[in-house]
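Participant: Below: one structure in structure tokens.
The values are calculated or read from the model by the stated rules, or taken from the named source; none is laboratory data. These figures come from a predicted structure and were not determined experimentally. Here the Cβ positions follow ideal geometry from the backbone for every residue, glycine too, while neighbour counts run over all protein chains shown. Heads up: the accessible areas ignore ligands, DNA and RNA and are worked out on the full protein's heavy atoms, side chains in. Shrake-Rupley method; radii C 1.70, N 1.55, O 1.52, S 1.80 Å.
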Amino acid sequence: MPLLEFLKPEAVLPALRAQGKKQVLQELAAQAARHLPGLDEREIFETLLQRERLGSTGIGEGVAIPHGKLPGLDTLFGLMARLERPIDFEALDGQPVDIAFLLLAPEGAGADHLKALARVARVLREPGIIDRIRAARDADALYALLTQSPAQAA
């Protein structure tokens, strides 16, 4: 079973262009809306913005995990973006972010949302994974890195 089964190959963006944190969130919301028929881009963006107001989802080492719960969503949804250039995300360690993993969950997801969030964080904290993400040549390579267990990747 893939580590991040809620991430689909078409939801991996190897070069997202954005000038700042708000634009990253807008772009992530726009991309998510393309993959989630029936969900409104503006609603996704507002959900992400509200969560950021509680505190930055920049977890350190150049990584952010913007996330939120949405009515009308019936399953977990993940989208990974490597930014063309690092941007200030008000991360916990003060480092600019160049890797963003969007996680959206159904409104009533409860513990499943938190478990998925923990799983994403755990994968992104594996030794060497961030360097391999930064070095990956394309979306297919990024997808493989994020969905294979360490034993499969070896």
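Participant: Quick check: at a probe of 1.4 Å, how many percent of the accessible area of the range 3-147 sits on carbon and sulfur atoms? Walk me through the numbers before you get to the answer.
Facilitator: Values: 3420 of 6850 Å².
For the range 3-147, the apolar C and S fraction of the accessible surface comes to 50 percent.
Participant: Okay, next question. Could you work out, for the range 82-154, what percent of all Cα-Cα pairs fall into each 5 Å distance bin, beginning at 0 Å and stopping at the bin that holds the largest distance?
Facilitator: 3, 13, 21, 24, 19, 14, 6, 0
Participant: Continuing with this model, one more query. Whole-Hz ³J(HN,Hα) for each residue in the range 129-135, computed from phi via Karplus 6.51 cos²θ - 1.76 cosθ + 1.60 with θ = phi - 60°, x for glycine and proline: what do you get?
Facilitator: Result, rounded to whole Hz: 5, 5, 4, 5, 5, 5, 8.
Participant: I've got another one for you. Would you mind classifying the range 1-42 by shape? Square roots of the alpha carbon gyration tensor eigenvalues, ordered a ≥ b ≥ c; an a/c under 1.5 is rounded, otherwise it is prolate if a/b is larger than b/c and oblate if not. Intermediate results must be reported in sequence, preceding the final value.
Facilitator: On the way: a/c = 2.53, a/b = 1.37, b/c = 1.85.
Cα axes put the range 1-42 in the oblate bin.
Participant: Could you work out the local net charge near L49, counting Lys and Arg as +1, Asp and Glu as -1, over the other residues with Cβ closer than 15 Å to its Cβ? Each step should come with its number before you reach the end.
Facilitator: Numbers: positive: K21, K22, R42, R51, R53, K69; negative: E27, D40, E41, E43, E46, E52, E90.
So the environment of L49 carries a net charge of -1.
Participant: Taking Cα centroids, how far is the range 33-78 from the range 109-124 in Å?
Facilitator: What the calculation gives is 13 Å, centre to centre.
Participant: What percent antiparallel are the DSSP beta bridges of the chain, to the nearest 5?
Facilitator: Numbers: 9 of 19 bridges.
Close to 45 percent.
Participant: Regarding the range 12-102, what are the three Cα extents along the principal axes, ordered largest first, in Å?
Facilitator: Principal-axis extents of the range 12-102 (Cα, largest first): 35, 27, 20 Å.
Participant: Mean Kyte-Doolittle hydropathy of 0.0 or higher plus an axial Cα length of 15 Å or more: which whole DSSP H helices in the chain meet both? Provide the component values of the computation, followed by the final result.
Facilitator: Values: long enough: 21-35 (21 Å, -0.70); 41-54 (20 Å, -0.93); 111-124 (20 Å, 0.53).
Span-like helices in the chain: 111-124.
Participant: Please give the charge dipole size of the chain, origin at the Cα centre, charges +1 on K and R Cβ atoms and -1 on D and E Cβ atoms. Round to the nearest 20 debye. Mind showing how you got there, number by number?
Facilitator: Working: 18 positive and 21 negative charges, 39 e Å.
Here the size comes out at about 180 debye.
Participant: Return the Rg/Rh value of the chain, two decimal places, where both radii are evaluated on C-alpha atoms and Rh is the Kirkwood radius. Don't skip to the end; give the middle numbers.
Facilitator: Working: Rg = 14.2 Å, Rh = 15.3 Å.
In the chain, Rg relative to Rh is 0.93.
Participant: Kindly report the accessible area of the chain per residue (heavy atoms of protein chains, probe 1.4 Å, no ligands, DNA or RNA), in Å². All intermediate terms of the calculation are to be shown ahead of the outcome.
Facilitator: Numbers: 7640 Å² over 154 residues.
For the chain, the per-residue accessible area is 50 Å².
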